[in-house]
Amino acid sequence: MPQEYGCHADTHWVKLYGPADGAGTAFAGESGAAGQRSRCLEISMEEKPFYFSAIPYTPQELESALHREELPAPRRTVVSILGAMRGVGGIDSWGSDVEPAYHVPADEDIEYGFVIRRGQDV
């Protein structure tokens, strides 16, 4: 699975909504039908912007499907929260490394703190 599949960058906060009855798939940016209360999941990070995706498939489902029609019917939302993401290629070609500012060191521990709140739409 491409690491950036459905990924949103430079995010300070995001609210994901789903129907109040718990049915269906959550989605970003809307609060359901007019007059209906929705379940809400809010994610934020104070230190710096973060990356997130909210898609209807797990990485395993995406990796094992060779064609779109092989994916299962959407039944839930898989939310991924990332504190950092390495770029996919250098400035002159796909063969060169990314600029140092976009490296994510694999040989050191990096800690990020996220706030995740769940409740009714506020």
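Computed from the coordinates by the stated procedures, all read-outs in this text should not be read as laboratory data. Quick caveat: nothing in here was measured; it's all calculated off a predicted structure. As a convention, Cβ positions derive from the backbone with ideal geometry for all residues, glycine included, and neighbour counts pool all protein chains shown.
Tabulated data for the structure shown
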| item | result |
| --- | --- |
| Neighbour net charge for Ile91 - beta-carbon separation under 12 angstrom, K R +1, D E -1 | -3 |
| Estimated distance in nm for a label pair at Ser64 and Ala9, the labels positioned 7 Å out from Cα along Cα-to-Cβ | 3.2 |
| Segment Val79-Val104, extension gain: residue separation times 0.36 nm, minus the distance between their alpha carbons | 6.9 nm |
| Exposure proxy order (Cβ contacts within 10 Å, fewest to most) of Leu71, Leu66, Leu16 | Leu66, Leu71, Leu16 |
| For Tyr57, residues with placed amide H under 5 Å, excluding near neighbours | Val78 |
